[in-house]
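Each remark here refers to the structure printed beneath this line.
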Amino acid sequence: MVYFYTIYATNKNNIVKYTIFIALSGFFLFVDLLTKFIAQATLEGKKPLVLIDGVLELLFIRNEGAAWGMFSGAGIIFSIIAIAAMIIMIYVLVRMPATKHYGMLLATIICLFTGALGNLIDRLWLSYVRDFIYFYGIDFPVFNVADIFVTVGAVLLIISLIFVYKEKDYAFLKIKKR
């Protein structure tokens with residue numbers, strides 16, 4: 001009886017984990033693609049829309065490179081890297097225990113996966129990524145919402161690796177010998 005309850009509880013927790021992943025990734029992806037659509041429809045070919053004078057403006061550009069326009073023209077390479085990274089994230093998600101302890105890792109995967117997928121969709125659909133957020137005052141490269149998700153995910157990953165999880169917490173990733 002205990003065995004069957006353990007299987008039920010584990011499956012119930014996994015369903016919650018996957019539901020959270022799908023719901024948040026789907027919502028974040030929707031926000032990313034919607035903002036890109038609106039930015040392109042309203043800003044392309046027009047003067048930048050100044051939100052905070054000398055600091056922040058919306059300026060539409062077609063980014064054919066990687067993050068912030070680096071390595072222009074290498075879109076296929078970045079598409080392959082994004083797909084490989086997303087496969088690894090799904091592998092980690094599937095293997096990761098469905099407990100509160102791994103909440104930060106789940107948030108990290110959601111952010112990284114959604115950002116990668118949002119920009120991958122642009123690359124595959126349009127052959128470029130739509131960027132439109134520009135910090136004028138510090139001359140920061142133009143970026144988009146997916147880039148924000150990737151950046152937040154990367155920061156969460158660094159914090160997780162340094163402060164939250166220890167090596168034993170990643171034991172679930174080890175392949176068990178038969």
Per-residue ³J(HN,Hα) for segment 108-114, Karplus 6.51 cos²θ - 1.76 cosθ + 1.60, θ = phi - 60°, Hz, x for Gly and Pro: 4, 4, 4, 5, 5, 4, 5
Fraction of accessible area attributable to carbon and sulfur, the chain (%, probe 1.4 Å): 74
Heavy-atom accessible area ranking, 1.4 Å probe, most first, across Glu167, Glu64, Glu57: Glu167, Glu64, Glu57
Computed accessible area, Tyr18, all protein chains, 1.4 angstrom probe, square angstrom: 70
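I'd like to check one number: the per residue accessible area of the chain, probe 1.4 Å, reported in Å² as a whole number.
About 63 Å² of surface per residue is accessible.
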Answer label, with mean projected area of the Cα convex hull in nm² calculated from the coordinates and candidates [x] 13.1; [y] 10.9; [z] 15.5: [x]
Estimated 222 nm signal from helices in the chain, with DSSP H stretches of n ≥ 4 weighted -39500 (n - 2.57), rounded to 500: -20500 deg cm²/dmol
Hz values of 3J(HN,Hα) by residue in segment 34-50 - Karplus curve (6.51, -1.76, 1.60), Gly and Pro given as x: 5, 5, 5, 4, 4, 4, 5, 5, 9, 10, 4, x, 10, 5, x, 8, 7
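The values are calculated or read from the model by the stated rules, or taken from the named source; none is laboratory data. Since the structure is predicted, the reported quantities are computational estimates derived from the model, not experimental observations. The protein model used for the area step is the full one, side chains on, heavy atoms only, and it has no ligands, DNA or RNA in it. Shrake-Rupley method; radii C 1.70, N 1.55, O 1.52, S 1.80 Å.
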